[in-house]
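Data first, discussion second: the structure below is written as structure tokens.
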Amino acid sequence: MTYDQVGAGPTGLVLALTLLQDGISVRIIDKEPIYRPGQRGTGIQPRSLEVFHSLGVLPDILARAIRVGPRRVYKLPGGVEALKDVHVSPPEEPTPSTPYINGVHLGQDSTEAIVRAHLDRLGGHVELGNELRGFEQHENHAVALVVKRVGSEKISETIQCNWLVGTDGARAGIVRKQLGLSFLGETRYDEHMVVGDIEVKGLDYEHWHAWGDMTTKLMMLRPTENPGAFYILAGGRIDHAKVVADRGAFEEFFRAATDRYDLEIGEVRWISEYRPNIRMVDTFGKGRVFVAGDPAHIHSPTGGQGLNSSIQDSFNLGWKLALVEKGFALPSLLATYTEERLPVIAGMLSKTTQILDKTIVGKADDDSVWARGGALKQLGVNYRWSSIVIDERTPASPEDVIDAYGSAVSGPLRAGDRAPDAPGLWTAQGETSLFHVFGPTHHTALIFLGSEGQDFAGRVLEEIRTYPAGTVRPVIVYLKGTKDISVLSGADLVVVDRDGHAYANYGVDLRHPTVCLARPDGVTGGIVLGVEGIVRYFARIFST
């Protein structure tokens, strides 16, 4: 048993899939007896779509997900006349570097079911009704103490594993609690909301529908992928507990908030009170035990960042854990999980808290309250300051301001940034793009020769051959019009940059051959100008 995971939400499932694809055996336990229904964590941002693409899950996600139109604000009293239609995140045209520029909506239960299906194909499955009661850490392994429910009987079991990861929610968080991690922040007791899934007849499916605001009564209904069902976000001056507990009280509030008596309320699939918690840990792990997702950070849902930040925790941890487990990297590599994710999460909490504060006091006709997009798409999230990132083209300086969430990230590509796509690459087998070359189980070394000859590529390939087999995929990128195109020994792939997007998106100076090293998690780990830079970069990754 090499890896045990507590919690089977999107965070845990993505981590398990990442590890299974890399040949690491996993065991996934969850204390719930059934899979939870509901639309929690519905907004899937572009950066997360890229994660799902890398894992081979994206076609199934897009086949089920929906793209919701603009937010329609209704005039009160009356509740029928549209005051305005405003896009929460105005749609954008995809670019060669960013093919997935617009987010989608998909209920968390649907997302989980899709990822579980991919796990099943690799022999992974979730063990429901298995509750972690505690764990012990030893020098070379951890031991999880589990209680299994079999009918009415409870059976104790100990699971020995090399690593243990808690993705078991913010409230339970037994892994976080036993590790003794702080969960610093606050609970907004006076700013809670009502969330849930309900059936409503009489509304179109092309808009978010909104009446009122949090200063009086707010009712928002967003279409879901389930026909006839809407996700609700409600609040303001109401008796939240009564609205949740009593169907009649909910209907009375619904009519009062919308002033609509023509709409038919059907099944209330689930409904719950929600109090904003704004908290995060001080470290993402100790020894052989880690946390990811909600046990590590929790915040207001108004920014649509929770599920996305959580699965990106998993994607950051997964490839590092796989290298260590295979013996290719030292356990010290795992310290960079906290180093890289902590500033990102701090930036995320800052942004979502600002959005929450505006939501609480905002008026119905204030479009800025519900504006999304920009940094919330997470395409600017970066690790430029990381100790395992090397940039010989634009070296970091003490004057650099860390902007982990990327609201101000601009200019040429730097090491630590998201690795961009580039379509229009021609190979002997046909056309491809960088996103189809990258993968979650290997680094990709993009060897840009520029106007230089092939001697540079030969030296780079010779160095890469010294690294563990399958961990680095070397790809030679020729300029369009290059006359002498050779398949050099050791190159996994040779491509011609027909449309120039690869050279442009990676900011390559044609006078200088350059190697850009894309990590398994889709981050540009290194931008180096020679073999010495490659040696320095991988010395920080591999143990030998």
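Would you check if there is a residue in region 218-237 being surrounded by fewer than 18 Cβ atoms within 10 Å (Cβ to Cβ), among the charged types (D, E, K, R), more than 27 Å from the chain's Cα centre (by Cα) and modelled with pLDDT of 90 or more? No: region 218-237 contains no residue that is surrounded by fewer than 18 Cβ atoms within 10 Å (Cβ to Cβ), among the charged types (D, E, K, R), more than 27 Å from the chain's Cα centre (by Cα) and modelled with pLDDT of 90 or more. Residues that are touching a helix residue (DSSP H, G or I) at 6+ places or on another chain (Cβ under 9 Å) and surrounded by fewer than 24 Cβ atoms within 10 Å (Cβ to Cβ) were ranked within region 32-42; the one that is nearest to Lys326 (Cα to Cα) is Tyr35. At least 3 residues being surrounded by fewer than 21 Cβ atoms within 10 Å (Cβ to Cβ) and in contact with a Ser or Thr (Cβ under 9 Å, 6 or more places away or on another chain) is the threshold, and among the strands (runs of 3 or more DSSP E) wholly inside region 456-544 those reaching it are 493-497. If you go through region 462-496 and pick out every residue that is more than 17 Å from Phe542 (Cα to Cα) and of a type in the set (Ser, Thr, Tyr), you end up with 4.
In this structure, does Arg47 turn out to be part of a helix (DSSP H, G or I), among the charged types (D, E, K, R) and either modelled with pLDDT under 90 or under 20 Å from Gln305 (Cβ atoms) (or both)? Answer is yes for this residue.
Among the conditions (1) closer than 30 Å to Leu317 by Cβ; (2) crowded, with 20+ Cβ neighbours inside 10 Å; (3) of a type in the set (Val, Ile, Thr), Thr432 misses just one, which is (2). With the structure loaded, tell me whether Gly9 is surrounded by 21 or more Cβ atoms within 10 Å (Cβ to Cβ), closer than 26 Å to Ala257 by Cα, among the small types (Gly, Ala, Ser) and under 21 Å from the mean Cα position of the chain (by Cα) or whether it fails that test. So Gly9 fails the test.
Here region 12-44 is the region considered, the condition is being at pLDDT below 90 and basic (Lys, Arg), and the residue that is farthest from the chain's Cα centre (by Cα) is Arg36.
Set side by side, the residues Asp204, Asp197 differ, and just one is assigned by TED's automatic domain parsing to the domain that holds Ala257 and either on the phi > 0 side of the Ramachandran plot or crowded, with 20+ Cβ neighbours inside 10 Å (or both), which is Asp197.
Conditions (1) touching a Leu at 6+ places or on another chain (Cβ under 7 Å); (2) touching a residue at least 60 places away in the same chain (Cβ under 8 Å), marked per residue:
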| position | (1), (2) |
| --- | --- |
| Gly228 | no, no |
| Lys286 | yes, yes |
| Leu321 | yes, yes |
| Phe328 | no, yes |
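The values are calculated or read from the model by the stated rules, or taken from the named source; none is laboratory data. Because the structure is a prediction, the values reported are computed rather than measured. Cβ atoms come from the backbone with ideal geometry, glycine included; neighbour counts cover every protein chain shown.
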